[in-house]
1. Any idea how far apart Asp104 and Val31 come out in nm if each label point goes 7 Å out from Cα toward Cβ?
2. To the nearest 10 degrees, how steeply does helix 87-98 sit against the main Cα axis of the chain, on a 0 to 90 scale?
3. Mind giving me the nanometre distance, one decimal, between the label points for Ser86 and Val114, set 7 Å out from Cα along Cα→Cβ?
4. If I ignore ligands, DNA and RNA and count only protein heavy atoms, how much of Ser20 is accessible to a 1.4 Å probe, in Å² to the nearest 10?
5. Provide Met93, Met1 ordered by accessible surface of protein heavy atoms (probe 1.4 Å), highest first.
6. For percent of Cα pairs over 22 Å apart, several values are listed as (1) 40; (2) 27; (3) 31; flag the one computed from this structure.
7. Positive end of the charge dipole of segment 1-108 (Lys, Arg +1 and Asp, Glu -1 on Cβ, about the Cα centre): tell me which of Leu4, Gly99, Val27 has its Cα farthest that way.
8. Per residue, how much accessible surface does segment 1-113 expose to a 1.4 Å probe? Answer in Å², no decimals.
Amino acid sequence: MIALEGVAARRAPLTLARLSISWGPGVHSIVGTPADGGPLLLELVAGRARLRRGTVRVLDGDPVDVAVRQQVALVLLEPPMPDALSAGEVLAMAATLRGEPPRDPVARLASLGV
């Protein structure tokens, strides 16, 4: 469950104001251009952007909590990847940083439909 109540956030030149919405279980995407505020909204849900007002609840917790962040995937329009590493190496490094056991990169990407 994802719930936003009375959310206000700003990342120049965008502002979200008085946004209230909720989504049930599943895979969700925001359709529109970056100028519509979708990336800012998704970063709020992923705990990567700061709120000015309101509340964001993800999986019955605060998206900035480590336990919640480990269960949320944010796929950016232009994901930053170091030039010297392959996608598999980046996934292995992320697993190490999170304290997770290594997993097959193909299986991990398949869970995202990639």
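1. 3.4
2. Taking the Cα atoms of the chain, the angle to 87-98 is about 70 degrees.
3. 1.5
4. About 70 Å², ignoring ligands and nucleic acids.
5. Numbers: Met93 85, Met1 115 Å².
So the residues, ranked largest to smallest area, are Met1, Met93.
6. Computed from the coordinates, percent of Cα pairs over 22 Å apart corresponds to (1).
7. Value computed over the given set: Leu4.
8. Numbers: 7950 Å² over 113 residues.
For segment 1-113, the solvent-accessible area averages 70 Å² per residue.
The values are calculated or read from the model by the stated rules, or taken from the named source; none is laboratory data. Being a predicted model, the structure only gives us computed values, none of them experimental. Neighbour counts run over all protein chains shown; Cβ positions are idealised from the backbone, glycine included. Each accessible area value is taken on the protein alone, full model and side chains, heavy atoms only, with ligands, DNA and RNA left out. Shrake-Rupley method; radii C 1.70, N 1.55, O 1.52, S 1.80 Å.
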